[in-house]
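J.: Please find one structure pasted underneath; my questions will follow.
All of the numbers you see were taken from the coordinates with simple rules; none came from a lab. In this text, all values refer to a predicted model and were calculated from it rather than measured experimentally.
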Amino acid sequence: MRVRVTARGSTAVWLVVLVLAQTAAFLVVWRFAVGSELGQWIDTVALTGNQIGQDRIDGPVNTVLNAMSVVALVAVTAVIGFIALIRGRIALAVTATLLIVGANATTQLLKHGLVRPNFGIDPERAAVGNSLPSGHTTVAAAVAVALVLVLPRTIRAAGAFVTTAYAAIAGVATLSAGWHRPSDAVAAYLVVGVWAALAGLLLLVTQREQAQVESADAHRVAALILGVGGLLAVAGSALALTWLVDVPRVAPDELGRRPLLVGYAGSAAGIAGTMAVVMALVLTSIHRLVPRYKG
């Protein structure tokens, strides 16, 4: 009984904190990158910098992005649900599906509901309006987190590294292809992070009485590697983008190669780092959300 109380009590508090923290982070990213002139300029510098070396990576980038269709999303969601069902986890199958559907629906509502002020910084894309969060990045990240939830604990850590890399590559690919600004991808990861925490709360509510939480199932090393690595990448990104603040604020297409490269590479690091941190947060409590069962 003590194990059950701990799993449902302290873990629930931790998940609520994650919901609030990632929501606050989303608001900060949106307010700065979309609502401020400086944020829009830095975003546009990074997006303009994707032209450096684009010819060499154009093929792989298009392959990654074109693979994320509606049909593919439905098929992957069905596979994820099937994995949970063959493990006898009906609630897990439903929760993983809700995570994918909820995160993607939220992204679409935000993308069409948020307003992007026109400061005249990116006139070529002004008519498009708001593009935050990125739909493609949300798809990749939601699938990554949902798959880690349903995987058996013996291969969960390895799955976390593979799916984190996939979701990070997808986010950077949207920048490299010129489809999205870096803040769009970062915001998408935070949306998925919020839904991952909400999914965790649902799993706690539906947890069976014979749930047995084992500390040996905690993926501390994997979470530490992803968390520290992600935070270092985000810190490096912050330093690079801070350097841009001192660059003369001219039109991004009039800048030299160095500031464009710093903006692009720094933003790519921030995108990958954010996904790593989100996955690390998922791993910190997953052994309590999907525990063993007695008998």
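J.: Please report how far the C-alpha centroid of the range 123-187 lies from that of the range 234-295, rounded to the nearest whole angstrom.
T.: So the separation of the two Cα centres works out to 12 Å.
J.: Please report the orientation-averaged projected area of the range 1-141, defined via the convex hull of its C-alpha atoms, in nm².
T.: On the way: hull surface 46.9 nm².
Result: 11.7 nm².
J.: Compute for the range 177-220: radius of gyration divided by Kirkwood radius, i.e. Rg/Rh, restricted to C-alpha atoms, rounded to two decimals. Walk me through the numbers on the way to the answer.
T.: Values: Rg = 16.5 Å, Rh = 13.4 Å.
Taking Rh as the inverse mean 1/r over Cα pairs, Rg/Rh reads 1.23.
J.: So, one more: In terms of modelled amide H atoms, which long-range or inter-chain residues lie less than 5 Å from the amide H of residue 119?
T.: none
J.: Any chance you could give the angle, 0 to 90 degrees and rounded to 10, that helix 37-48 forms with the longest Cα principal axis of the chain?
T.: It is inclined by approximately 90 degrees.
J.: State the percent of C-alpha pairs, over all pairs in the range 223-295, separated by a distance greater than 21 angstrom. Before the final figure, lay out the partial values.
T.: Working: 1180 of 2628 pairs.
Value for the range 223-295: 45 percent of Cα pairs lie more than 21 Å apart.
J.: Treating each Cα of the chain as an identical point scatterer and ignoring solvent, apply the Debye formula and state log10 I(q)/I(0) at q = 0.12, 0.13, 0.17 Å⁻¹.
T.: One equal scatterer on each Cα of the chain leads to -0.75, -0.86, -1.35.
J.: What's the angle, to the nearest 10 degrees (0 to 90), between helix 257-289's Cα axis and the longest principal axis of the chain?
T.: 10
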